[in-house]
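No lab work stands behind these numbers, since they all come straight from the coordinates. The structure displayed is predicted, hence computed values, not measured ones. In this analysis, Cβ positions are derived from the backbone assuming ideal geometry, glycine residues included, and neighbour counts consider all displayed protein chains.
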Amino acid sequence: MAEIKILTESELRQCVALSAELNDVIADAFARLAEPGVVMPPVLSMDLPAVNGEVDIKTAWVPGVDNFAIKVSPGFFDNPAKGLASLNGLMVLLSADTGMVTAVLLDNGYLTDLRTAAAGGVAARYLAPQQVHTAGVIGTGVQARLQVEALLLERSIERLLVWGRDADKAAEYAAEQSRSLKLPVSVADSVEMLVQESQVVITTTPARQPLIRAEWLHPGLHITAMGSDSPLKNEIAPQVLADADILIVDRLSQSLERGELRTAVSTGVLSASIALPELSALCAGQHPGRSAEDQISVCDLTGTGVQDTVIADHALSLALRNGLGTSIHSK
C-alpha cells in the first residue's frame, strides 16, 4: 500500500520560511527551467463571475526532482463577508518516477506566498542595482510584506516607502514594517513620488489600470511587477516596458497571456513576436542581468508551475526531516 503524507499549514510553517536558502531553492528552480526536459503546461484557469471567484491550477515535471506538484489555488473574493479567507488552496505531490501520490500539502496558499516572494528576491539578485538607498512597495497586503523581506535577503536598503489605495492601511503597514524591519518606513504621497525616489519598486496589487507611468522612470531603477497574474490585471503602463533597458519575464508564454507584457502587446506598444529573456536564463548564467548601475530594468512575474513543484518537494523534505505530518494509506 502506498503511504501518503498529509501536512497542514501549521506544520509547514514550522519547517519552511522565507530565507536566503529558499531564495536559492527558487533560483535553482528557474535555472532548471532553462534546461531541456522540464514539462510545464499552460496555467488552467477558471473565471467564476457568478460567485466572484477564480481558480488557477499550475504544475510542472522537473528532471532530477523526486516529486512534482499539482497546485490548486482558488480565490473567492466574497468570502470575507462570510467569515472566510478569500484565498486558500493545496498542493498534491506525486512521485516523478511512478506518478503515485506521495503527499498532500494543505497549505492554504502559504507555500505559494513564499515561492512568489522568493521569485521577487531572485529578480532583485540579478536586476536590482547594488546600491539601494530607498525601496518602494505598492500595495499593503501579504506580498507587500513578503516581497520586501525577500528583497532584504539580496540587498541592503536604508528606507522603505509604501503607497496603497487605502491610506489607513498604508499607515498601518508603515508602522508595522518600521517595527518589524527596524527601518524607517513612510507613506508616499503618490505613486509618482514613490517611483521617483526609489531605486527598487515592487508592485503587489490586483490593479486593472496602470499605476506606474513611463515618464516617472529614472536611471538605476528596477521594477519587480508581480501583481498582474491574470488577463484582467495591469499595474504598469505599456510604455514602461518599451522604455526599459532590460525587460525580463518569468515565462514568456505566460506573460503574453496574463502578465504586464500582455497589455503592452495588446496595445501595440510591443510586438507579439517579441523575444525576451526569461528569469531562467539569468539563473542559469545565460544572461548577465543588470550590467550597469544606471540601467532601467523591469521583471514581469506571473508565477510558474516549476516554482510550485520545487517548493513543494523542498517542503516535504524538510517536514520528513523534522518528523512532521500524518501518514495515511491509499487503500
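Taking packing as the residue-averaged number of other Cβ atoms within 10 angstrom, the listed peptides 301-311, 20-30, 269-279 run from highest to lowest as 301-311, 20-30, 269-279. Helix-only arithmetic for the chain: the sum of -39500 (n - 2.57) across DSSP H runs with n ≥ 4, divided by the residue total, places the mean residue ellipticity at 222 nm at -10000 deg cm²/dmol.
Along the charge dipole of the stretch 126-303, which of Val195, Ile248, Trp216 sits closest to the positive end, that is, farthest toward it, with unit charges on the beta carbon of Lys, Arg, Asp and Glu (+1, +1, -1, -1)? Of the listed residues, the answer is Ile248.
In the stretch 126-303, a dipole from Cβ-located charges (positive for Lys and Arg, negative for Asp and Glu) runs towards its positive end, and of Ala175, Val265, Ser291 it is Ala175 whose Cα lies farthest in that direction. Using the average count of surrounding beta-carbon atoms within 10 Å as a protection proxy, the listed peptides 63-72, 257-266 rank, highest first, as 257-266, 63-72. With a/c under 1.5 counting as rounded, go ahead and sort the stretch 130-228 into rounded, prolate or oblate using the C-alpha gyration tensor (a ≥ b ≥ c being the square roots of the eigenvalues; past the cut-off, prolate if a/b is larger than b/c, else oblate). Rounded, because the longest to shortest axis ratio a/c is under 1.5. For the pair the stretch 129-182 / the stretch 215-236, the C-alpha centres are spaced 16 Å from each other.
Each Lys and Arg adds +1 at its Cβ and each Asp and Glu adds -1 at its Cβ; summed about the Cα centre, the chain shows a dipole of about 440 debye. Amide H contacts for Asp250 (H built 1.01 Å from N in the peptide plane; partners 5 or more residues away or on another chain; cut-off under 5 Å): Leu279, Asp300, Thr302. Placing dummy labels 7 Å off each Cα toward the beta-carbon, the span from Val72 to Asp97 is 2.8 nm. In the chain, the DSSP beta bridges split such that about 50 percent are antiparallel, to the nearest 5.
Relative to the dominant Cα principal axis of the chain, helix 142-152 is inclined by about 80°. Pairs exceeding a 32 Å alpha-carbon distance, out of Lys58/Lys182; Lys82/Lys182; Lys82/Lys233; Lys71/Lys182; Lys71/Lys233: Lys58/Lys182; Lys82/Lys182; Lys71/Lys182.
For the stretch 97-162, the Kirkwood estimate of hydrodynamic radius, built from reciprocal distances between every pair of different alpha carbons, is 13.5 Å.
Dipole magnitude for the stretch 126-303: about 320 debye, using +1 per Lys or Arg Cβ and -1 per Asp or Glu Cβ, origin at the Cα centre.
Taking a straight line from the alpha carbon of Lys331, these lysines sit under 21 Å away, with near neighbours fewer than eight places off in the same chain left out: Lys5. If the segment from Ser180 to Glu158 were pulled out straight at 0.36 nm per residue, it would be longer than the present Cα-Cα gap by 6.5 nm. For a modelled paramagnetic label at Leu44, 7 Å from Cα along Cα-to-Cβ, the residues of the stretch 290-331 in reach, with backbone nitrogen under 17 Å, are 304-306, 308-309. Ranking Leu279, Ala225, His329 by Cα position along the charge dipole of the chain, where only Lys, Arg, Asp and Glu carry charges on their C-beta atoms, puts His329 farthest toward the positive end.
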